[in-house]
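Notes for the one structure printed next.
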Amino acid sequence: MKKRQRLMSDLIPFLTLGSEGYHLAIHLTPRSKRNAFGTLYHDAKGKAHLRAFVRTVPEDGKANQALIELVAEAMNIPKSSITLLSGHHHRNKVLKIQVAFKDNLSQFCNILFKRSRSSARDRSLSFSSSIFLTACIMVV
């Protein structure tokens, strides 16, 4: 199991296995034109985050709730299984996902890949998502 965890963290750096589920590191951009996922983002400490964009404003936790809804929809899991661990008032957030993850990870990977391929404006998005999808297939 430890080898698989290490492999997953090397290939999918924004997704880690925590004590009670998976931790998903997100860099959130509120007030965006669309609700979607984007490329990888590295913070000042070098930690990788998956970019996410939501249309709502960052007031009274509305953007955080929209992020949870976006992830729940993409993974086809209930919103109640997703908890915001950190980043309540920051762009960099960590979500805890408590669910049997293997099938949901495959679906999540496919959705990220399909959404990125439909974005013709950003070629690097398709390339990075192709690498991500390959990593997901290797881990799952």
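Tabulated values for the structure
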| read-out | value |
| --- | --- |
| Answer residue from segment 8-36, given it is of a type in the set (D, E, K, R) and part of a loop (DSSP other than H, G, I, E, B) and is modelled with the lowest pLDDT among those | 20 |
| Leading residue by the ranking (farthest from residue 36 (Cα to Cα)) among those in segment 70-90 that are aliphatic (A, V, I, L, M) and not in a loop (DSSP other than H, G, I, E, B) | 85 |
| Selection status of residue 39, at pLDDT below 90, under 17 Å from residue 98 (Cα atoms) and part of a strand (DSSP E or B) | no |
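The values are calculated or read from the model by the stated rules, or taken from the named source; none is laboratory data. Just so you know, these numbers come straight off a predicted model, no measurement behind them.
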